[in-house]
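What follows is a short report on a single structure.
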Amino acid sequence: MRLRKADEPGRVASGALAVVVHLMFFGLLVFGISWQKKVASPVVVDLWQDLPEPSKKVVLPPEPPKPAPKPVLQPPPKPVPEVKKEPVRPPPAPKVEAPKPSAADIELKEKLRKQKEEEAALREEQKKAEAERREELKKAELERKEELKKAEVEKRKLEEEQRKAAEDQRREEAEQKRAEQEKLRKEDEARRAEERKHAEEQKRVEEARREDERKQHEAAMERERQQQEAARKVREADEAKRKAEAAARAAQQKLIDDWRARIQAKIKGRVVVPPNMVGNPEARFEVVLLPGGEVLSANLKKSSGYPAYDTAVERAIAAAQPLPVPTDTDLFQENFRELHLVFRPKD
Amino acid sequence: MNVSQDLSLISLIGNASVLVQLVLALLLVVSMISWWFIFRKMFVVRDAMRRTDQFERSFWSGADLGTLYQAAAGARHNAGSMERIFESGFREFVKLRKQSGTSLGMIMDGTRRAMRATYQRELDHLEAHLSFLATVGSVSPYVGLFGTVWGIMNAFRGLANVGQATLAHVAPGIAEALVATAMGLFAAIPAVIAFNHFVRHIERLSTRFDSFMEEFSNILQRQANAPQQAATGQHAALNSN
């Protein structure tokens with residue numbers, strides 16, 4: 001319905017503005033970053049500060065001589081032309097006077113002739129003046145050339161001096177470098193000597209240490225041997241003791257067996273064996289005794305298969321008390337507090 | 001060691017990986033387009049406001065509706081949005097009134113519909129490209145971030161091959177990667193600001209159009225009740241149409 005595109009304002013202008021904005025942005029970026037770069041560069045300059053001192057001295061002298069030759073060159077040519085112009089002016093004066101006496105007869109002709117002459121003279125004069133000027137110019141030029149040559153010579157001299165200075169500087173630098181290298185070398189040597197000394201000392205210390213170790217080792221061996229000896233002695237003593245103990249124990253066992261046999265015999269004497277027993281079965285009893293030989297309890301542990309026999313034994317135990325027990329309380333406590341007794345009818 | 005010398009923008013971009021360069025190029029193009037739209041929209045909105053002011057002034061100064069209509073119809077391509085709304089509404093009103101047997105309610109309804117249609121079209125025109133600005137504003141930081149992350153990944157991968165890692169090894173890579181983020185932000189920030197600015201202005205314009213439509217409807221209704229007054233102006237307008 002409507003042609004919209006035609007009436008929208010500033011399509012091209014806005015495009016151009018957009019481009020401008022972006023150019024500004026990138027300009028900002030580029031210059032912002034390059035500004036940072038400039039800040040970074042002085043660090044490089046700092047490193048050079050020590051070295052350029054002699055070179056600055058060399059650079060400075062050539063500057064003053066340069067202005068000097070320029071004033072020398074310019075003044076001479078300028079005064080020369082002025083001097084020439086002054087002598088040129090007087091000659092025309094006599095020539096103007098000359099026509100006056102000859103202006104008698106034919107004034108026109110004379111005038112013309114004189115004019116011509118004058119002109120010729122003038123021309124000649126001019127030519128001469130010009131020649132002189134040219135000569136002067138030439139001379140001036142020559143002078144200038146000489147001056148230039150001189151300046152050049154001077155310049156060359158200066159350059160020579162500069163070069164010499166540079167060479168001096170270079171030599172100095174080389175000298176410095178050599179001196180530095182020498183110093184470095186000396187330092188190196190000193191360091192190496194020190195290292196060697198250090199190494200020797202270390203070796204000595206090492207040897208001492210090894211000796212020490214050896215001694216310590218020997219001492220340790222000795223100690224060990226002594227310890228072993230002591231251990232052997234202890235062992236022997238132990239063995240002797242054990243033998244003695246074994247002997248004592250054997251004696252005790254014998255005593256115990258003796259007492260047991262007596263107890264058993266006393267009980268056995270009171271057992272009434274039932275008549276219909278077949279074979280020789282055993283009845284086991286656990287008897288708990290009191291120190292005086294009284295029976296606290298008698299328990300049947302294993303029946304003989306004949307209850308009559310079992311009860312007969314039990315009755316016999318009860319009847320046999322007090323049972324014969326050792327008077328030694330220790331022995332009683334250890335071996336006769338609880339007794340396991342075995343009874344067979346035909347023993 | 002001399003890393004600082006390699007940090008000029010051009011060398012940074014030149015050394016970047018292909019993907020980062022692509023991201024940068026994309027962001028540059030997007031930024032260009034968004035700035036172009038920003039300036040265009042700026043001109044369009046400013047122009048619309050100026051013309052609306054102008055038309056409102058001339059409308060409320062008590063000018064004859066017929067002459068106003070003729071002026072609007074004559075300079076159709078040069079008219080402002082409000083002028084167009086007025087023109088379409090008035091034309092519909094006159095057309096409907098010419099038809100015999102249409103009630104006042106129908107006339108007013110038709111007029112309102114015509115104005116509403118033009119109003120929608122005008123708003124659509126004003127709001128064109130705004131969605132692009134919104135998209136740029138929300139997406140381009142992420143695109144830039146993507147480029148940066150990729151660049152930093154590359155920088156660290158290169159670092160893995162170096163035995164002794166120093167800041168000097170990583171710094172150029174990170175710097176070149178960060179250029180992408182800078183570019184993304186440069187594209188996004190103006191787009192967001194411009195988007196909000198234009199949305200506000202267009203909203204204000206639309207409320208002005210709305211209220212104008214209501215007021216103009218009232219005026220037309222009043223005129224329809226007194227037909228003989230405006231007849232001449234209407235006929236002249238119709239002839240010129």
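The values are calculated or read from the model by the stated rules, or taken from the named source; none is laboratory data. Predicted, not measured: the structure shown is a model, and the values here were computed from it. Backbone-built Cβ (ideal geometry, glycine too); neighbour counts: all protein chains shown.
Scanning the range B:28-71 for residues being of a type outside the set (Val, Ile, Thr) and within 11 Å of another protein chain (Cβ to nearest Cβ) gives a total of 17. For B:Met153, the stated conditions hold: it is modelled with pLDDT under 95, at negative phi and surrounded by fewer than 19 Cβ atoms within 10 Å (Cβ to Cβ). Yes or no: A:Val12 surrounded by fewer than 11 Cβ atoms within 10 Å (Cβ to Cβ), assigned to a helix (DSSP H, G or I) and modelled with pLDDT of 55 or more? For A:Val12, the condition - surrounded by fewer than 11 Cβ atoms within 10 Å (Cβ to Cβ), assigned to a helix (DSSP H, G or I) and modelled with pLDDT of 55 or more - is met. Answer with yes or no whether B:Val162 is touching a His at 6+ places or on another chain (Cβ under 6 Å), surrounded by fewer than 16 Cβ atoms within 10 Å (Cβ to Cβ) and more than 14 Å from chain A (Cβ to nearest Cβ). Spelling it out, B:Val162 is indeed touching a His at 6+ places or on another chain (Cβ under 6 Å), surrounded by fewer than 16 Cβ atoms within 10 Å (Cβ to Cβ) and more than 14 Å from chain A (Cβ to nearest Cβ).
Answer with yes or no whether A:Lys139 is in contact with a helix residue (DSSP H, G or I) (Cβ under 9 Å, 6 or more places away or on another chain), of a type in the set (D, E, K, R), surrounded by 15 or more Cβ atoms within 10 Å (Cβ to Cβ) and modelled with pLDDT of 80 or more. No, not satisfied. The set of residues in the range A:330-341 that are touching a strand residue (DSSP E or B) at 6+ places or on another chain (Cβ under 7 Å) and either under 18 Å from A:Val272 (Cβ atoms) or surrounded by 18 or more Cβ atoms within 10 Å (Cβ to Cβ) (or both) comprises A:Phe336, A:Leu339, A:Leu341.
Would you pick out the residues in the range B:72-81 that are assigned to a helix (DSSP H, G or I) and more than 8 Å from every other protein chain (Cβ to nearest Cβ)? B:Ala72, B:Ala73, B:Gly74, B:Ser81 - these are the residues of the range B:72-81 that are assigned to a helix (DSSP H, G or I) and more than 8 Å from every other protein chain (Cβ to nearest Cβ).
Within the range B:101-127, being of a type in the set (Ser, Thr, Tyr), crowded, with 16+ Cβ neighbours inside 10 Å and without any contact (Cβ under 8 Å) to a residue 40 or more places away in the chain holds for one residue alone: B:Thr118.
Being in contact (Cβ under 8 Å) with a residue 60 or more places away in the chain and in contact with a Lys or Arg (Cβ under 6 Å, 6 or more places away or on another chain), is that true of even one residue in the range B:187-209? There is at least one residue in the range B:187-209 that is in contact (Cβ under 8 Å) with a residue 60 or more places away in the chain and in contact with a Lys or Arg (Cβ under 6 Å, 6 or more places away or on another chain). When we screen A:Pro291, A:Pro275, A:Pro281 for residues that are surrounded by fewer than 16 Cβ atoms within 10 Å (Cβ to Cβ), in contact with a Ser or Thr (Cβ under 7 Å, 6 or more places away or on another chain) and not aromatic (Phe, Trp, Tyr), the only hit is A:Pro291. The lone criterion from (1) without any contact (Cβ under 8 Å) to a residue 24 or more places away in the chain; (2) within 7 Å of another protein chain (Cβ to nearest Cβ); (3) more than 30 Å from B:Met82 (Cα to Cα) left unmet by B:Ala25 is number (2). Across the range A:294-312, the number of residues qualifying as surrounded by fewer than 17 Cβ atoms within 10 Å (Cβ to Cβ) and of a type in the set (Ser, Thr, Tyr) comes to 3.
Return the residue satisfying two criteria in turn: it lies in the range B:10-21 and is touching a residue at least 60 places away in the same chain (Cβ under 8 Å) and not in a loop (DSSP other than H, G, I, E, B), and of such residues it is farthest from the other protein chains (Cβ to nearest Cβ). Restricting to residues being touching a residue at least 60 places away in the same chain (Cβ under 8 Å) and not in a loop (DSSP other than H, G, I, E, B), the top hit is B:Leu19.
From the list B:Ser138, B:Ser131, B:Ser100, exactly one residue is outside any helix (DSSP H, G or I) and more than 14 Å from chain A (Cβ to nearest Cβ). Which is it?
Testing whether each residue is outside any helix (DSSP H, G or I) and more than 14 Å from chain A (Cβ to nearest Cβ) leaves just B:Ser100.
Screening A:Arg315, A:Arg242, A:Arg235, A:Arg249 for residues that are modelled with pLDDT of 85 or more, charged (D, E, K, R) and surrounded by 14 or more Cβ atoms within 10 Å (Cβ to Cβ) leaves exactly one candidate, A:Arg315. Restricting A:Glu194, A:Glu161, A:Glu167 to those that are in contact (Cβ under 8 Å) with a residue 12 or more places away in the chain, surrounded by 10 or more Cβ atoms within 10 Å (Cβ to Cβ) and either in a helix (DSSP H, G or I) or of a type in the set (S, T, N, Q) (or both) reduces the list to A:Glu161. Being surrounded by 14 or more Cβ atoms within 10 Å (Cβ to Cβ) and within 20 Å of B:His125 (Cβ to Cβ) is true for just one of B:Arg46, B:Arg40. Which residue is that? The conditions single out B:Arg40.
Given the condition surrounded by fewer than 14 Cβ atoms within 10 Å (Cβ to Cβ) and in contact (Cβ under 8 Å) with a residue 12 or more places away in the chain, answer yes or no: does some residue in the range B:76-97 qualify? Checked the range B:76-97: no residue is surrounded by fewer than 14 Cβ atoms within 10 Å (Cβ to Cβ) and in contact (Cβ under 8 Å) with a residue 12 or more places away in the chain.
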